[in-house]
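Visitor: Here it is, the structure, as structure tokens.
The values are calculated or read from the model by the stated rules, or taken from the named source; none is laboratory data. Every value quoted in this text rests on a predicted model; they were computed, and no experiment measured them. Cβ atoms come from the backbone with ideal geometry, glycine included; neighbour counts cover every protein chain shown.
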Amino acid sequence: MSDNLWAALQQASSGPRPYPHPLSSFANGVQDVSSDGESTNKYDLLCPRGGCGSVILKQGVGKLIERESVKMEPPDVPSNPLLPSLPESPEQSHWWLITPNPMQFENIGFSRPVESLSVSPSGKKLKLLACAECDLGPLGWSEEGGTEFWIACSRVGYRSGEASS
């Protein structure tokens, strides 16, 4: 690899990271982060870890859906303090639905099918989704072999200058 190409790649990756605004910083919650009429993500979805800020999904790709919550943490593993707790099933929560394949994401990682978790609502094993850059997760889930990918609205950051701290 040429020295010039290597220097350009290094410079691109060392630039300033976007600041992830948590969903809780928006006065009207999911209404403020979804586009009017289309119910798509109004802002880029980011890793919620402040030092990471990796872009997970570009704006306009995810569709806002309210659906039954899914238990993503194994019972014997403490949850990460950066990730808000989700309601217990059958309570509803807000999710970004991404279809038809994982190529819609900018930067996401998948676990192997998780044996210790309950299965998805359809009875299939779950794969958990995490930031591919820093491994923070679970941010969401998909069914093994599925074409729907679900990201919890409360577990990602949003690239927006409009959030109030």
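Visitor: Suppose we filter the stretch 33-66 for residues that are among the charged types (D, E, K, R) and at pLDDT below 95; how many remain?
Guide: Step one: filter the stretch 33-66 for residues among the charged types (D, E, K, R), giving 36, 38, 42, 44, 49, 58, 63, 66.
Among the residues that remain, those that are also at pLDDT below 95 are: 36, 38.
Count: 2.
Visitor: Please indicate, with yes or no, whether at least one residue in the stretch 110-119 is at pLDDT 95 or above and either closer than 14 Å to E143 by Cα or touching a strand residue (DSSP E or B) at 6+ places or on another chain (Cβ under 9 Å) (or both).
Guide: yes
Visitor: Sticking with this one: List every residue pair whose Cβ atoms lie under 9 Å apart, where the two residues are 6 or more positions apart in sequence or sit on different chains, the first residue falls within the stretch 29-58 and is basic (K, R), and the second residue, located anywhere, is assigned to a strand (DSSP E or B) and surrounded by 15 or more Cβ atoms within 10 Å (Cβ to Cβ).
Guide: What qualifies is K42/S34; K42/Y158; R49/G157; K58/N41; K58/L45.
Visitor: Mind listing whichever residues of the stretch 43-64 are hydrophobic (A, V, I, L, M, F, W, C) and either surrounded by fewer than 17 Cβ atoms within 10 Å (Cβ to Cβ) or part of a loop (DSSP other than H, G, I, E, B) (or both)?
Guide: C47, C52, V61
Visitor: Something else: Would you pick out the residues in the stretch 65-97 that are surrounded by 14 or more Cβ atoms within 10 Å (Cβ to Cβ) and within 24 Å of G50 (Cβ to Cβ)?
Guide: M72, E73, N80, L82, L83, P84, L86, S93, H94, W95, W96
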